[in-house]
Amino acid sequence: MLHEKQCSAAVMKANRILGTIKRNFVDTSPDTIMALYKSLARPHLEYCSQIRNPRFIKDIKSIEGVQRRATKLVHGVGYLHFAL
């Protein structure tokens, strides 16, 4: 139960950060978005202990959803489905 809340909170925080990046940054080059994602959003996901070894499919899908959202921020590669 606790691990579910921890993972959910980390995913929500990372999604909020991606929303802030989307609203406040004009440069959507891959290098810029990758640097912002790695320095601002990813540490919240890594803090969640489930990231290293997620047990539940719903946790895996929610984490991958954050990665897909970050991919969509990059102009020209939003249609690709790969993990950052």
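Taking other C-beta atoms within 10 Å as the exposure proxy, ARG16, ARG69, ARG23 rank ARG23, ARG16, ARG69 from fewest upward. The ranking of VAL26, VAL74 from fewest to most other beta carbons within 10 Å of each one's beta carbon is VAL26, VAL74. Taking label points 7 Å from Cα along the Cα-to-Cβ direction, ALA35 and GLU4 give a separation of 4.0 nm. Near ARG69: Cβ cut-off under 12 Å, other residues only, Lys/Arg at +1 and Asp/Glu at -1. The net charge is +3. A full extension of the chain between ARG55 and HIS75 corresponds to an added length of 3.9 nm, given 0.36 nm per residue minus the alpha carbon distance.
Rule-based calculations on the coordinates, nothing more; no lab input. Since the model is a prediction, treat every value here as computed from it, not as a measurement. All Cβ positions, even for glycine, are placed from backbone atoms using ideal geometry, and neighbour counts span all protein chains on display.
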